Amino acid sequence: MSDQDASPTPSPAPPPPTGPPPKVTNRGRSAGPIASSNSDSTDIPDFEYYGAPHPRGVPPLTEFLDISSVDMMRRPDESNKLEHHTMFYNSDNLIVRRAQEFQVKITFDRPYDSARDKIALEFIIGSSPQYSKGTYIPVFPTQERQSSWAGRITHNSGNEVTMGITPAANCIVGKYHMYVAVATTYGIRRTRKEKSRDLYILFNPWAPDDAVFLDDEREREECVMTEMGIIYHGSYDDIAERDWNYGQFNYGVLDACLYIMDRSEMPITNRGDPIKVTRKASAMMNSRDDDGVLVGNWSGDYTYGVAPTSWTGSTDILLTYASSKMPVCYAQCWVYAAVFNTFLRCLGIPSRVVTNYFSAHDNDGNLKTDIILEEGGRIDRKLTKDSIWNYHCWNECYMTRPDLPAGFGGWQVVDATPQETSDGMYRCGPASVQAIKHGQICFPFDATFVFAEVNSDVVFYSRRKDGTLEPVKVNRTHVGRMVLTKTPGDLTRREITDQYKFSEGSTEERTVLEKADEYGCNREKSNPPLADVDLVVPTLEVNVGDDFELSVEFINRSNQQRTVDTYISGNMVYYTGVTRSEFLFRDPTVEIDPNQTVKELVAVKSSSYMRHLVEQANLHFIVTGKVKETGQIISTMKIITLHNPKILLEVSGVGRVNEEMMASVQFTNPFTFSLEGVYIRMEGPGIMAPKSKYYRMIPGGSSLTWTEFFTPQRVGTTRMIATLDCPDLRQVYGQATVTIKP
């Protein structure tokens with residue numbers, strides 16, 4: 001046998017490794033660890049020698065300045081917090097905004113002499129401070145020597161010196177340690193590290209050089225400073241609203257927001273860029289793939305957490321996450337958007353919660369929501385998989401977009417609800433609203449997905465016996481019917497649909513859709529002929545537990561008799577459009593005389609839908625039919641949102657700072673059955689921290705009253721909000737306006 005014919009003897013497999021896996025580090029890839037935690041810090045020596053250490057300890061330094069005290073001027077009523085719009089933050093530390101000067105008062109052991117004394121303020125963030133990376137910044141008082149942050153002496157009297165510091169407009173946002181340093185012949189003498197000299201630097205929407213600058217005072221006041229917001233839900237023709245306490249100034253919330261970025265292991269050096277911060281945070285708000293803040297749950301079973309409809313604000317959620325280091329249960333889209341809004345406003349990025357009615361979840365990017373009908377006109381439930389959310393909440397934040405062509409800065413969509421992955425993680429945005437409106441969906445990030453949410457077509461297909469599909473109706477106006485947000489400085493809603501798309505049927509809209517097609521969106525191009533029979537289901541207002549009558553109007557617009565084989569289906573659906581169960585089905589045959597209207601009345605009993613209720617109680621009716629004479633398919637959809645009973649919330653007392661007041665919640669169970677496992681929550685920004693109360697059972701027809709005392713801490717007008725939540729009844733709210741005087 002030749003050597004070429006010989007086969008090698010297989011080596012035995014290596015034994016499986018035992019013990020814990022080796023810790024993965026940056027060794028071999030970078031010279032040092034990448035600083036990714038704002039809570040980590042480096043201890044800097046009180047005295048730092050030039051060159052080799054002095055052999056006999058610290059030399060005599062009596063001829064040089066010594067620091068007696070440092071005043072950060074951090075009280076809420078002092079100029080720093082007032083001028084930087086941070087006076088409402090419940091924190092003992094100094095909180096300022098970048099690109100704007102703040103003051104620090106230093107007392108020395110003798111008068112400061114600029115000719116012979118060399119001083120500097122040193123600002124350090126993270127565990128590996130480096131001047132080149134912007135994590136170590138010395139600030140000097142003389143014009144001859146300046147760093148990336150400007151410094152100057154604003155007042156010099158006796159032993160006191162007040163120094164003004166202006167952080168760079170693009171500096172890192174986070175928590176810094178500050179030291180006062182004095183240069184001597186032997187080395188640098190500096191203050192010891194003290195928590196009282198820690199300071200927070202935030203984004204600055206008031207500074208023209210900052211990437212988040214918003215040149216509209218009314219909008220800025222709403223989208224940065226307002227704590228109590230309104231989130232819109234319900235359905236397009238029956239809009240509901242709920243109050244939410246963002247609480248961005250509450251004690252511990254700012255630290256919790258910084259912890260979120262630490263938890264994401266976001267490099268410290270990236271934290272001055274609002275594009276990177278918002279994109280990373282949109283992933284961290286949900287727990288999918290990174291153990292982020294909130295666990296999503298649309299099942300209706302919230303045994304191991306708080307029902308999404310029960311939350312009254314973001315404070316409890318953020319503080320729980322920061323203390324437990326575990327994702328908080330549970331959230332749905334408006335909770336994700338509300339907590340994300342708190343995060344953004346807390347760090348100084350202007351933001352607002354936006355609601356899109358009839359929001360398409362387009363997971364294949366074809367801009368179509370497909371509804372499959374059997375040949376006779378009835379919906380094929382097995383083949384119809386796409387869903388349209390009754391509404392969907394996301395956020396808009398304001399910033400420049402230097403990575404995009406001019407004109408695409410301003411409002412950007414960011415969405416923390418985990419729907420689809422983006423670059424391998426559940427996140428969405430920032431996507432330019434201007435890019436979405438003009439069909440420039442090739443721009444980062446995730447503009448295609450958001451474009452589909454407001455521009456998809458609803459296409460009805462008829463399935464032939466051979467399995468092929470024929471489009472029989474295209475509704476190009478159903479999706480993205482209306483986009484709402486809160487009006488700045490008011491309690492009313494503001495429609496911003498025109499910021500996302502041009503008016504339906506306009507020349508501009510057709511141009512935009514053609515442009516989107518160029519980027520790969522395969523919209524339905526066919527235009528099936530319109531049927532000469534119209535279907536109309538009028539809007540109804542129905543309370544939970546009511547019997548009601550559904551009216552279906554058939555309008556014959558032809559000059560001939562029409563006969564329609566009709567299918568009327570009533571379904572209990574989640575607000576995401578996903579069907580839970582069918583509670584009603586009728587299949588009448590309707591005859592309509594020429595140019596006449598016929599009403600088909602369908603009685604809906606509460607006993608048929610109550611046992612199928614899900615939270616946010618939406619009844620979804622789909623009416624389809626086939627016209628015998630023409631073979632045309634007709635269809636319409638109607639969502640009826642069941643209205644829940646209300647909580648009565650009353651506040652009594654004088655309404656003065658530091659004087660005790662009383663809040664009272666009253667509720668009457670309107671049903672004949674008992675409500676079990678009832679949680680009531682109550683809170684108000686600046687007046688009451690979140691409180692909750694548990695009731696094991698509220699018998700049918702009975703009432704309860706819960707009273708809490710509180711002491712307001714802040715002057716002004718605000719709102720107190722309360723929620724009631726139990727497995728049989730979700731989304732019950734109440735609110736009261738409270739005015740606090742000095």
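The values are calculated or read from the model by the stated rules, or taken from the named source; none is laboratory data. Quick caveat: nothing in here was measured; it's all calculated off a predicted structure. Don't worry about glycine lacking a Cβ; one is built from the backbone with ideal geometry, like all the others, and counts go over all protein chains shown. Quick note on the areas: whole protein, heavy atoms, side chains included, nothing else; ligands and nucleic acids left out. Shrake-Rupley method; radii C 1.70, N 1.55, O 1.52, S 1.80 Å.
Structure notes:
- Matching residues in segment 458-509 - criterion: being of a type in the set (Asp, Glu), at pLDDT below 85 and within 31 Å of the chain's Cα centre (by Cα): GLU504, GLU509
- Residue that is farthest from ILE231 (Cα to Cα), among those in segment 477-508 that are β-branched (Val, Ile, Thr) and assigned to a loop (DSSP other than H, G, I, E, B): THR477
- Restricting the first member to segment 100-115 and to residues that are touching a residue at least 24 places away in the same chain (Cβ under 8 Å) and over 18 Å from THR191 (Cα atoms), and the second to residues that are of a type in the set (Ser, Thr, Tyr) and assigned to a loop (DSSP other than H, G, I, E, B), the beta-carbon pairs closer than 8 Å and six or more apart or on different chains are SER114/THR142.
- The residues of segment 183-228 that are open to solvent by 10 Å² or more (accessible area, probe 1.4 Å) and small (Gly, Ala, Ser), listed by number, are ALA183, SER196, ALA211.
- Selection status of GLU708, modelled with pLDDT of 90 or more, more than 25 Å from LEU319 (Cα to Cα) and acidic (Asp, Glu): no
- Every test in (1) closer than 20 Å to VAL627 by Cβ; (2) of a type in the set (Ser, Thr, Tyr); (3) in contact with a Cys (Cβ under 9 Å, 6 or more places away or on another chain) is passed by THR576 save one, and that test is (1).
- Residue within segment 583-593 that is in a strand (DSSP E or B) and either assigned by the TED database to the domain that holds ASP380 or charged (D, E, K, R) (or both) present: yes
- In the set LEU530, LEU491, only one residue is among the hydrophobic types (A, V, I, L, M, F, W, C) and free of Cβ contacts under 8 Å to residues at least 60 places away in the same chain; that residue is LEU530.
- Test: THR369 is without any contact (Cβ under 8 Å) to a residue 24 or more places away in the chain, of a type in the set (Ser, Thr, Tyr) and not assigned by the TED database to the domain that holds ASN618: no
- Filtering GLU549, GLU553 for residues that are part of a strand (DSSP E or B), touching a residue at least 24 places away in the same chain (Cβ under 8 Å) and surrounded by fewer than 13 Cβ atoms within 10 Å (Cβ to Cβ) leaves a single hit, GLU549.
- Scanning segment 711-742 for residues that are under 19 Å from THR315 (Cβ atoms) and among the polar types (S, T, N, Q) yields THR711, GLN713, THR718, THR723, GLN735.
- Odd one out for MET266, checked against (1) open to solvent by less than 10 Å² (accessible area, probe 1.4 Å); (2) within 30 Å of LEU724 (Cβ to Cβ): (2)
- Residue in segment 672-681 that is over 27 Å from THR226 (Cα atoms), in a strand (DSSP E or B) and of a type in the set (Val, Ile, Thr) present: yes
- Qualifying residue in segment 442-464 (condition: β-branched (Val, Ile, Thr), open to solvent by 10 Å² or more (accessible area, probe 1.4 Å) and assigned to a loop (DSSP other than H, G, I, E, B)): no
- When segment 275-309 is filtered for residues that are within 30 Å of ARG401 (Cα to Cα), open to solvent by 10 Å² or more (accessible area, probe 1.4 Å) and within 16 Å of the chain's Cα centre (by Cα), the ones remaining, listed by number, are ILE275, LYS276, ARG279, LYS280, SER287, ARG288.
- Strands (runs of 3 or more DSSP E) fully within segment 26-106 counting 2 or more residues that are at pLDDT 80 or above, among the polar types (S, T, N, Q) and open to solvent by less than 50 Å² (accessible area, probe 1.4 Å): none
- Count of segment 372-414 residues, restricted to those that are under 30 Å from SER635 (Cβ atoms) and either at pLDDT 90 or above or open to solvent by 50 Å² or more (accessible area, probe 1.4 Å) (or both), is 12.
- The residue of segment 658-686 that is most open to solvent (accessible area, probe 1.4 Å), among those that are modelled with pLDDT of 90 or more and of a type in the set (Val, Ile, Thr), is THR668.
- Within segment 696-722, considering residues that are open to solvent by 30 Å² or more (accessible area, probe 1.4 Å) and in a loop (DSSP other than H, G, I, E, B), the one nearest to PRO742 (Cα to Cα): VAL715
- Scanning segment 631-655 for residues that are part of a loop (DSSP other than H, G, I, E, B) and under 21 Å from ILE371 (Cα atoms) turns up GLY631, GLN632.
- Pairs where the first residue, in segment 625-652, is under 25 Å from ARG242 (Cβ atoms) and the second is in a loop (DSSP other than H, G, I, E, B) and open to solvent by 30 Å² or more (accessible area, probe 1.4 Å), C-beta under 7 Å, 6+ apart: ILE640/LEU540; HIS643/GLU541; PRO645/PRO670
- Filtered by the rule that a residue be closer than 19 Å to VAL598 by Cβ and open to solvent by less than 30 Å² (accessible area, probe 1.4 Å), segment 535-546 gives LEU535, VAL537.
- Identity of the residue in segment 107-154, in a strand (DSSP E or B), over 43 Å from the mean Cα position of the chain (by Cα) and not aromatic (Phe, Trp, Tyr), that ends up surrounded by the most Cβ atoms within 10 Å (Cβ to Cβ): ILE119
- Scope segment 625-639; condition open to solvent by 20 Å² or more (accessible area, probe 1.4 Å) and touching a Gly at 6+ places or on another chain (Cβ under 7 Å); matching residues: LYS626
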